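**Q** A single structure is presented below for examination.
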Amino acid sequence: MTKIIKPDLYARVADLLSKARQAVARNVNQAMVYTYYEIGRMIVEDEQQGRQRAEYGKGVLKELSSKLIKKFGKGFSVENLDRMRFFYKTYAQQISSTPLTKLSAAKSARTIRALSAPQQLASLPALNFSLSWSHYLMLMRIDNVDERRFYEIESNNNNWSLRELQRQFDSSLYERLVLSSNKKKVRKLANKGEIVEQPQDLIKEPYVLEFLGLPEQSSYSESELEQKIIDKLQHFLLELGKGFAFIGRQVRFTFDEKHFRVDLVFYNRLLKCFVLIDLKIGSLTHQDLGQMQMYTNYYDRFVKLPEENKTIGIILCRAKNKALVEITLPEDNKTIFAGKYQTILPSKTDLQKLIESKN
């Protein structure tokens, strides 16, 4: 059979169908989340009509569950209905406390009740549920409203899978960004997610590299640490944050007839600058800081383009002395940073104590 189809016709049609299926799946998932929110609202309002919580849980939910399962199949156990109830209570409270919400929770409820069933679902996108039900099952376990908002925004903006969302939460990303931000920036975290506008925004306290599989007290060399990072480069890029592109490892340059090598070189698209990373398995020294200053000066003078911003240098070390960093670097330093790293997940309790002491 003679082929008469143009080479790219099948590829374009297949791509269109794939995107259409993905869009349908997203819309179906979104409709399901909105529906669960509405079911939760109906249960809560029925519950509030003078019934005691214990009686309601044992009787009404059990009967409702039985009837729904008979008509619609699995997915409506008493446990799942109770999750929908909790979902509504959690997000009705969050929505009512969010200044950017189009409708207050009370007004939204009054408006929705006055509409027909199709109109009700059409009105609910104002609540802006854009993640999967599985994401929300995890998010609504976060008690801190600001923290919950942050992870919801970041999951949506970065298309995090449930696994990635869980990893970022377990690594205490929110707390680490709070520790490295001022109070004004902390408020932005809750309303806009992570924003990269200046070099300081790239820094986390600490960096968490648990994905490398290196026990906290194990003995390894800087070259072994570097190799582990290269092996898990995708994970490392996610830990670094937004806008990073990998340029190279052990990038050599020559100055005054001497050769120097930068452990890891990245480019940040948001800040439009090179980011040099030096790895130290021990404590930070003033020589390390001086060396990084020389690296960034070289890149600024001989590598970066005129329209690009100043090069950023980050020294990742096991331990750092804040006083040493401040006395070694210029008072107006905005491009050289020392970041502590650890190879196990941090304690949320310890980080929360640090946040409280900071305030």
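**Q** What's the extension gain from Lys89 to Ser134 if we count 0.36 nm per residue and subtract their Cα-Cα distance?
**A** 14.5 nm
**Q** Separate question: Of all the C-alpha pairs in the stretch 233-316, what % are more than 15 Å from each other?
**A** Cα-Cα pairs in the stretch 233-316 separated by more than 15 Å: 58 percent.
**Q** Taking the Cβ-Cβ separation of Asn309 and Lys70 as r and a Förster radius of 56 Å, what is the calculated FRET efficiency to the nearest 0.05?
**A** Working from the Cβ atoms, E equals 0.30.
**Q** Rounded to two decimals, what is the ratio between the C-alpha radius of gyration of the stretch 199-346 and 2.2 N^0.38 Å?
**A** 1.00
**Q** For n ≥ 4 DSSP H runs only, could you compute -39500 (n - 2.57) per run for the chain, divide by its residues and tell me the 222 nm figure to the nearest 500?
**A** -16500 deg cm²/dmol
**Q** What does the charge count around Lys185 come to, taking other residues whose C-beta lies under 14 Å from its C-beta (Lys +1, Arg +1, Asp -1, Glu -1)?
**A** +2
**Q** Evaluate E = 1/(1 + (r/R0)^6) for Glu224 and Asp82, where r is the Cβ-Cβ distance and R0 equals 56 Å; express this FRET efficiency to the nearest 0.05.
**A** 0.70
**Q** Further question on the same structure: So if we plug the beta-carbon distance of Ser347 and Asn321 into 1/(1 + (r/R0)^6) with R0 = 25 Å, what FRET efficiency do we get, rounded to 0.05? Working shown, then result.
**A** Values: r = 22 Å, r/R0 = 0.87.
After rounding, the FRET efficiency stands at 0.70.
**Q** A further question follows. Could you state the number of Å between the C-alpha centres of the stretch 178-224 and the stretch 263-323?
**A** After rounding, the separation between the Cα centres reads 16 Å.
**Q** Which one is right for this structure if mean projected area of the Cα convex hull in nm² is calculated from it: (1) 28.5; (2) 19.4; (3) 17.6?
**A** (1)
**Q** Hey, fewest Cβ within 10 Å first, where do Val325, Val262 land in order?
**A** Working: Val325 18, Val262 23.
With the sparsest Cβ surroundings first, the list reads Val325, Val262.
Any read-out appearing in this document is the output of simple, stated calculations on the displayed coordinates, not a laboratory observation. Predicted, not measured: the structure shown is a model, and the values here were computed from it. Backbone-built Cβ (ideal geometry, glycine too); neighbour counts: all protein chains shown.
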